[in-house]
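To keep things clear, I will list the structure first and then write my remarks on it.
What follows draws every value from the coordinates through simple rules; no lab data is involved. On a predicted model such as this, the values are computed, not experimentally measured, just so you know. For neighbour counting, all protein chains shown are included, and Cβ atoms are generated from backbone atoms with ideal geometry for every residue, glycine included.
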Amino acid sequence: PVQAATLSYANFPPASTFPCVQMERWKKEVEQRTKGALSINTFPGGTLLGAKNMLDGVVAGQADIGCFAMSYHPGRFPVLEAIDLPLEWPNALVASISLLDLYEKYRPKSLEKVKVLTMFACPPANIMSITPVRSLKDLKGMEIRAAGTGVKVLELLGASPIGMPQSDVPDALHKKVIQGMASSLEVMKDFNYAEYCHYVTMTNLQVVTFAVVMNRDRWDSLSADVKNMLDKLCREQTEWTGRYVDQHVRDAIAWSKSKYQIEVIEFSSKEKAEMKKRLVPMIEAYVGRVGSQVPGQAIINDIQTFKKANAVKYK
Amino acid sequence: MTQFIKNLDSIGVILNRCLIAVAGFFLVVMMVLTVANVFLRSFGIPLKGTFELMGYCGAVAAALALAKTQVARQHIAVEVLIRIFPRTLQSILSIIGSLIGVIFFVLAALQTWRMGNNFWQVNELSETLRFAYFPFVYAVSLGLAVIALVLAIQMLQELKGDKKL
Amino acid sequence: MSITLLGIIGIVILFFMLLCLGMPVGLTMAVVGFGGIWYILSLEASLSMVGAEIWNTFSSYGLTMIPLFVFMGQICFYSGLNERLFKATHTLTGHIRGGLAMATICACAGFAAICGSNTATAATMTSVALPEMKKYNYNPAISVGSIACGSTLGVIIPPSVIFIIIGLYTGQSISKLFYGGIPAGLMLALSFMATISVLCWINPEWSPRGPKSSWKEKLQSLPGFFEAVFLFVLVMGGLYVGVFTPSEAGAMGSCFAIVISVLRRKLTWRAFNAAIVDTLLISCMVFMLIVGAVIFSRFLALTRIPFDIADWVAALPLSPTAILGVVFFIYIIGGCMMDALALLLITIPIFFPIAQKLGYDPIWFGVMITIITTLGAVTPPVGASSYVVAGIAKDIGLGNVFKGVSYFLPAYAFCIILFMALPQIITYLPGLIR
Ligand code: NA
Ligand code: NA
């Protein structure tokens, strides 16, 4: 009993966060380009579907479109999870475009049941801390909040990763239960972590990858014109989101610098080389782990090629 | 028929006793796990994945207690209006209510079972420890199935007029 | 049929089933939400939602706080701590009219300072305070009313799950919200005690006055406070120093409670098992309520009623104060219909920007909507805290809980108007931190 021209679009994080900002932008573009023939009802903040059941919910038809983090499902996306590895992504834009390139090259089975509308990645994780981290030695044994891939990454770097829900982080920082956290830097402003963490070390570690997917039956019911338009929008949207969130991080850092005088630290080239060396086992472990399902090494090589090309193309 | 309900009832009682024992075990595990994590963390060796394990243990503890909570009439209901209805009407309404409950929990149990199957198939792993957590989903499904059974028994008893609901 | 009308029909059916079938509240909300989504979308979509929400709620780390804080309370309960505590309280305040109910409010405020959730406060305080008030023949309505309203302090006095969620969803500093909650919670607690005092002055038979105890007796009763204070200091101290996080405090508190009770030889194996079973049943009931509220709110979100209301408010041609009044009124009505948490999750992203555009202090607004939605947690027809109290105080019944709550509504109204007139009460402390 729902109008055919209205699509529901579910998203899990709060409305102010970048996955929702890109959702609203996509909605506006689609409504404009179809001259209102297609209208989108957005459901931010997990009002319709939560983070973990987004994909299955879209397959079941609970929402027509859903945006979810593939990184929250380790093991489920053996091809695309390679993007999550600490491959020294310079920014979200390059990681996002490379993610889409990888998807288009392999068309992985794990997303067969849905139509992919766009993909993007958050900016690479950096270390925010109460006391400065100027070298890997400073990081040794430091209790850092991390999630997903970040746990293993920090372990390899010598830190002591701690898993805890987002909601405990400010209190834990305040009481120094943890000495910092590793994630993309927009949280410095968005969640006001700059109030506690006055030091940022640019490590450019792993990213979190997102996919926006549509229910297959719903997709099939659309006209050829609309399908063409949406397909064209896919890459544009990836690029827009990457640029937007990279700018958002730059703004957050500028804001934190002016409000809390935070210091941004760059590792020396020697430290950087050491960091890279320590993270190699993770990439090897990935290749070994997915070996029976997908060609891990070929995927890593492809990603490196994409990364190099996109870094030049999107200066 | 009466004997059948009685047998069913004693099965329900035994089943509940087992489930509650397991649920209680998981509750204690949750406490011990957190306390151990707090202590070990102060020595610089935090237990990785405490956070997700707590969630899974909590799920088992709560789900396996569902049926017992129903037997003990702990699930809150609004009985203000019903009390003034005549006894026969009360009985009919409560049978309808139980029937709705049975249908819902059977569907929920089947669906969570399917979810468990799906998590198994697509290789859904926990975020930090990266182990397949679908058995916990099956445990929740079991809890839902048993509360459906208990509701069905209560409905049959009401139908036979054996016990006041 | 328009989708909005469908939503309204859903709400009507919910109340009909709640009142006429006597079905458990959590189950009813879940069933109506399930049916509604089935009708709007499909059976497959609805089933998928039900399965996922049950699993997500049951396996949520944040909610593990509930069983663990309840466990701490039950351990204290079965080792007789509450009885000793209330004997001591009664010795001190027994000769005052309504002294025990006032002591309950104080105890709720104290427990609120270590517990972040309404329902956990309601569950524990009911088992702790109610038997004592029964023993001294307190009026049942005023007894459960003071517990239910006192339990709302759980999320107003920090730590608070609601403040954490508001902070995260709006980018406001959680510590500032916490500091804003302290004066608000204390003011509410004082108003509740004033209410009790007035009520018991008008109806002396509601709270039989105890004998006035001598100074010697008062001194002798002091060790009765010892365990409770010790436990409180351990949990609060641990939190303050940063040995553990708020989510871990429940488990630490339970562990401390067990250790203390065992050392004092007050906890038998039998009592320990009883505490576990009670904890499981109470937590399970709370979880089922949350599952129902979440499923029902998914249905409401689909009908877009919450979003429509927000758009309508933003477009009202009224003064800022009047719009704010409308927003608060919507929260009061919404709080009556829905679970506070579910309501906030749907409405914060919509109303918060409106309040900011109107120039209201975000911390003040956050604290105000917390107070107003928790008021919803005790008002009929859907009030989670009241249900929890009634669920444990079976012989007193939900009707009496709502009656008891109604006595305290003027206290809420007074505080809400006071904070609107003098926002500095809330904004002063947060302003002091950087
Ligand atoms: Na609190
Ligand atoms: Na209410």
Report summary line: Any lysines whose Cα falls less than 24 Å from that of residue B:48, other than same-chain ones fewer than 8 residues away, would be A:52, A:137, A:140, A:152, A:175, A:176, A:276, A:277
Query - Bins of 10 Å from zero: percent of alpha-carbon pairs in chain A - result: 6, 26, 34, 23, 9, 2, 0
Requested in this report: Identify the residues of segment A:132-162 with backbone N under 19 Å of a label point that sits 7 angstrom from the Cα of residue B:129 along the Cα-to-Cβ direction, or state none.
Outcome: A:146-153, A:155, A:161-162
Report task. Hey, can you grab everything whose amide H is under 5 Å from the amide H of residue A:178? Only 5+ residues off in sequence or another chain; H modelled, so Pro and N-termini drop out. Result -> A:173
Requested in this report: Step through the residues of segment B:91-97 one at a time and calculate ³J(HN,Hα) from phi using the Karplus curve (6.51 cos²θ - 1.76 cosθ + 1.60, θ = phi - 60°), rounding each to whole Hz and writing x for Gly and Pro.
Outcome: 5, 4, 4, 6, 5, 4, x
Requested in this report: Work out from phi, with θ = phi - 60° and the Karplus expression 6.51 cos²θ - 1.76 cosθ + 1.60, the ³J(HN,Hα) of each residue of segment C:36-51, listed in order in whole Hz, and give x for Gly and Pro.
Outcome: x, 5, 4, 5, 6, 9, 6, 4, 4, 5, 5, 4, 4, 5, 4, x
Query raised in the report: For chain A, modelled as a GNM with alpha-carbon contacts under 10 angstrom, which of A:281, A:44, A:78 fluctuates the most?
Result: A:281
Requested in this report: Would you tell me the mean number of C-beta atoms belonging to other protein chains that fall within 10 Å of each C-beta in C:26-37, as a whole number?
Outcome: 3
Query - For segment B:35-46, 3J(HN,Hα) per residue [Karplus equation, 6.51 cos²θ - 1.76 cosθ + 1.60, θ = phi - 60°, Hz, x = Gly/Pro] - result: 4, 4, 4, 4, 5, 5, 4, 5, 9, x, 10, x
Report summary line: Packing-ranked peptide list from A:285-295, A:174-184, A:101-111, highest mean Cβ count within 10 angstrom first, is A:174-184, A:101-111, A:285-295
Query raised in the report: Quick one: of the DSSP bridges fully inside the protein assembly as shown, what percent are antiparallel, nearest 5?
Result: 55 percent
Requested in this report: Under a cut-off of 14 Å between alpha-carbon atoms, report the aspartates and glutamates in cross-link reach of residue A:113, not counting same-chain residues fewer than 8 places apart.
Outcome: A:56, A:64, A:217, A:220
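Using the alpha carbons of chain C, what is the convex hull volume per residue in cubic angstrom, as a whole number? It would help to have the intermediate numbers written out before the result.
Values: hull volume 65.1 nm³, N = 434.
With only Cα atoms used, chain C gives 150 Å³ per residue.
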Report task. Tell me which residues come under 5 Å, amide H to amide H, from residue A:265 once H is placed; ignore anything under 5 positions away on its chain. Result -> A:200, A:201, A:202
Report task. Report the calculated FRET efficiency for residue B:42 and residue C:321 (r = Cβ-Cβ distance, R0 = 51 Å), to the nearest 0.05. Result -> 0.50
Query raised in the report: If you take the Cα atoms of segment A:1-99, find Rg, then find the Kirkwood Rh from the mean of 1/r over all pairs, what is Rg/Rh?
Result: 1.01
Report summary line: Taking every other residue with Cβ under 15 Å from the Cβ of residue C:2 and scoring Lys and Arg +1, Asp and Glu -1, one gets 0
Requested in this report: Please list, in chain and number order, the residues 5+ apart from residue A:142 or on another chain whose amide H is under 5 Å from its amide H, with Hs placed from the backbone.
Outcome: A:160
Query - Cα→Cβ-extended label distance, 7 Å offset, between residue C:194 and residue B:99, nm - result: 5.4 nm
Requested in this report: For residue C:2, put the label point 7 Å out on the Cα→Cβ axis and report which residues of segment A:34-74 keep their amide N under 20 Å from it.
Outcome: A:39-42
Query raised in the report: Quick one: putting +1 on the C-beta of Lys and Arg, -1 on the C-beta of Asp and Glu, what dipole do you get for the protein assembly as shown around its Cα centre, in Debye to the nearest 20?
Result: 1240 debye
Query raised in the report: Between residue C:44 and residue C:357, what length comes free when the chain is fully extended (0.36 nm per residue of separation minus the Cα-Cα distance, one decimal in nm)?
Result: 108.6 nm
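Can you figure out the FRET efficiency of residue C:214 with residue A:166, using R₀ = 45 Å and their beta-carbon distance, to the nearest 0.05? Please list the in-between numbers first.
Working: r = 54 Å, r/R0 = 1.20.
Once the sixth-power term is evaluated, E becomes 0.25.
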Query raised in the report: So how far, in whole Å, is the C-alpha centre of segment B:116-165 from the one of segment A:135-209?
Result: 37 Å
Report task. Please give the contour-minus-distance gain from residue C:233 to residue C:264: 0.36 nm per residue of separation, less the Cα-Cα distance, rounded to one decimal in nm. Result -> 9.4 nm
Report summary line: The lysines whose Cα lies under 16 Å from the Cα of residue C:403, excluding any fewer than 8 residues away in the same chain, are C:394
**Report entry** Residue among B:46, B:86, B:135 with the largest mean-square fluctuation in a Gaussian network model of chain B, springs linking Cα atoms under 10 Å
**Finding:** B:86
Query - Cleavage-rule hits (trypsin sites (Lys or Arg not before Pro)) in segment B:1-108: DSSP loop, at most 16 neighbouring Cβ within 10 angstrom - result: B:73
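Please state, to two decimals, what the Cα-based radius of gyration of the protein assembly as shown comes to when divided by 2.2 N^0.38 Å (N = residues). Walk me through the numbers on the way to the answer.
On the way: Rg = 27.6 Å, N = 914, 2.2 N^0.38 = 29.3 Å.
Normalised by 2.2 N^0.38 Å, the Cα Rg of the protein assembly as shown equals 0.94.
So if I take the alpha carbon set of chain B, get Rg, then get Rh from the Kirkwood formula, what is the Rg over Rh ratio? Write out the running numbers ahead of the final one.
Working: Rg = 19.7 Å, Rh = 18.0 Å.
Reported Rg/Rh (Cα atoms, Kirkwood Rh): 1.09.
Over 26 Å between C-alpha atoms is what I'm after, so list which of A:105/A:270; A:189/A:307; A:259/C:176; B:68/B:160 land there. Working shown, then result.
On the way: A:105/A:270 35 Å; A:189/A:307 28 Å; A:259/C:176 16 Å; B:68/B:160 22 Å.
As for pairs spanning more than 26 Å Cα to Cα, those are A:105/A:270; A:189/A:307.
Taking every DSSP beta bridge that has both residues in chain A, what percent is antiparallel when rounded to the nearest 5? Spell out each step's value before the answer.
Details: 19 of 36 bridges.
If I count the DSSP bridges inside chain A, around 55 percent turn out antiparallel.
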Requested in this report: With runs of 4+ DSSP H residues as the only contributors, calculate the mean residue ellipticity of chain C at 222 nm using -39,500 (n - 2.57) per run, divided by the residue total and rounded to the nearest 500.
Outcome: -26500 deg cm²/dmol
Query raised in the report: Based on the Cβ-Cβ distance of residue A:276 and residue A:315, what FRET efficiency does E = 1/(1 + (r/R0)^6) give at R0 = 22 Å, to the nearest 0.05?
Result: 0.45
